[in-house]
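One structure below.
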Amino acid sequence: MTAPLRVRAPGKVNLTLLVGPPRGDGYHELLTVFAPVGLYDELIFEIEAAPLEEGQSSEPAKVTCPGVPSEGNLVGSALGALASASGWQLRGSVTVRKHLPVAAGMGGGSSDAAAALKVGAELIEAAGGPAFSSEELRRLARELGADVPFFLDPRPCLARGVGELMENLRLPPLPLVLTFPDAALSTAEVYRTFDGVAAEESGAAFAGRALRSETAWRSISRAWESEELILPELCAQVAGLLFNDLEQASFHLLPELLEAKVGLERRGVLGALVSGSGPTVFGLCVSEVEAETIAQELERDEVHATQVSTLAG
Ligand code: ATP
């Protein structure tokens, strides 16, 4: 067995999430802006790769992940997907230390899965097995979940389709305060509620809305890259684009999320938003110092909060 390998898997927030009408396959067309954040799960891999002999079935790695049932843990699914695709098995154990809240709209499970895909693929190749192309890894990632491909190379990006068509954005680290309401929300339930409460929208109307948002994000990214903006101006422009179509559905399911958002706004953040399907609510601040001050005030009021920055791209 090789020495334990330690890897960090970042979370994400969605700075924009536009949800279109359901498609023929039941999925909703999305336009989202993902930003990875500097809050990480830690994964410790103690596994080795070995070729599967004729007729031998793969022995799954043992995944220990307090707070998440081992059955159906996406880390195990990712290693299993690599084994099926390569004919090599990955034996041993993986320990996941969760720092990202579970089922909270921060993509922790997807990020852990992407980390397992990358580590497992490297181990198989290093042991003399087949090399996975980035296209193959992306395909396996897509099969594990719509957000998993983003975490293979987590940088701020625009994502379309069901989240798999990505275009990088140039953005600096953005100071955020994250608040974690003491509740979980199932993504599927939030989408079901969205279908019930959202106003009907045609595919063409959604495409128009998505195009306006994409264009605005590309323009901010270009202006930042060509140094036409300074950080406070950029933050103000980003605040103007914070939007999440799933917010109303998550407020409907957990009214305290609206209180969390209003609480952040009252404390002077530039903008506040539910991340993904919630319940994490984030506030965009003018500086890390302000984000830290607000996080401390919230903690004093017994609201679980922390300051982080997005990772630059
Ligand atoms: P998203 O924003 O991508 O919808 P999320 O942040 O809301 O995701 P996750 O924390 O990724 O939610 O977990 C969603 C579900 O996935 C949970 O119900 C959990 O049981 C399952 N899951 C499987 N593997 C993991 C893992 N390694 N970490 C967290 N959750 C996992």
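The values are calculated or read from the model by the stated rules, or taken from the named source; none is laboratory data. None of the values given here were measured: they were computed from a predicted structure. As a convention, Cβ positions derive from the backbone with ideal geometry for all residues, glycine included, and neighbour counts pool all protein chains shown. All accessible areas refer to the heavy atoms of the entire protein, side chains included, with ligands and DNA or RNA removed. Shrake-Rupley method; radii C 1.70, N 1.55, O 1.52, S 1.80 Å.
Among the residues of the stretch 77-105, those identified as open to solvent by less than 20 Å² (accessible area, probe 1.4 Å) and either outside the structural domain of P149 (by TED's automatic domain parsing) or closer than 22 Å to Y40 by Cα (or both) are A78, L79, V94, V96, L100, A104, G105.
Taking (1) open to solvent by 10 Å² or more (accessible area, probe 1.4 Å); (2) in contact with a helix residue (DSSP H, G or I) (Cβ under 6 Å, 6 or more places away or on another chain) in turn, E136 satisfies each apart from (2). Residues in the stretch 149-195 that are more than 16 Å from L18 (Cβ to Cβ), without any contact (Cβ under 8 Å) to a residue 60 or more places away in the chain and either outside the structural domain of L229 (by TED's automatic domain parsing) or more than 15 Å from the ligand (Cβ to nearest atom) (or both): P149, L152, D153. No other residue among T32, T64 is closer than 30 Å to G208 by Cβ, of a type in the set (S, T, Y) and within 11 Å of the ligand (Cβ to nearest atom) apart from T32.
Just one of the listed residues (P22, P69) is open to solvent by 60 Å² or more (accessible area, probe 1.4 Å), within 15 Å of the ligand (Cβ to nearest atom) and at pLDDT below 95, namely P69.
Is one or more of the residues making up the stretch 90-107 more than 9 Å from the ligand (Cβ to nearest atom), in contact with a helix residue (DSSP H, G or I) (Cβ under 8 Å, 6 or more places away or on another chain) and within 25 Å of S134 (Cβ to Cβ)? For the stretch 90-107, residues more than 9 Å from the ligand (Cβ to nearest atom), in contact with a helix residue (DSSP H, G or I) (Cβ under 8 Å, 6 or more places away or on another chain) and within 25 Å of S134 (Cβ to Cβ): present.
Remark: pairs (first residue in the stretch 67-79, farther than 19 Å from S57 by Cβ; second residue crowded, with 20+ Cβ neighbours inside 10 Å and among the acidic types (D, E); Cβ separation under 7 Å; 6+ apart in sequence or on different chains) = L74/D112; V75/D112. Take the residues of the stretch 49-66 that are in contact with a strand residue (DSSP E or B) (Cβ under 7 Å, 6 or more places away or on another chain) and open to solvent by 70 Å² or more (accessible area, probe 1.4 Å): which is farthest from K98 (Cα to Cα)? Only one residue fits best here, namely E59. Here L74 passes the criteria (1) open to solvent by 40 Å² or more (accessible area, probe 1.4 Å); (2) modelled with pLDDT under 95 except the one numbered (2). Looking across L43, L79, one residue alone is part of a strand (DSSP E or B), under 20 Å from K118 (Cβ atoms) and either over 18 Å from the mean Cα position of the chain (by Cα) or within 13 Å of the ligand (Cβ to nearest atom) (or both). It is L43. Number of residues in the stretch 250-264 that are under 18 Å from T16 (Cβ atoms) and either open to solvent by 10 Å² or more (accessible area, probe 1.4 Å) or more than 16 Å from the ligand (Cβ to nearest atom) (or both): the value is 3. Which is in a loop (DSSP other than H, G, I, E, B), of a type in the set (V, I, T) and open to solvent by less than 50 Å² (accessible area, probe 1.4 Å), of V238, V269? Step by step, each of V238, V269 is checked, and only V269 is in a loop (DSSP other than H, G, I, E, B), of a type in the set (V, I, T) and open to solvent by less than 50 Å² (accessible area, probe 1.4 Å).
Among residues of the stretch 211-225 that are not assigned by TED's automatic domain parsing to the domain that holds V19, those with a beta-carbon under 7 Å from a residue that is assigned to a helix (DSSP H, G or I) at least six positions away or on a different chain give the pairs S213/L241; A216/L241; W217/L241; I220/L234; I220/Q237; I220/V238; W224/L234.
The single residue among L234, L246 that is at pLDDT 95 or above and closer than 23 Å to Q307 by Cα turns out to be L234.
Within the stretch 111-133, if we keep just the residues that are under 22 Å from N73 (Cβ atoms) and open to solvent by 60 Å² or more (accessible area, probe 1.4 Å), the residue that is nearest to the ligand (Cβ to nearest atom) turns out to be K118.
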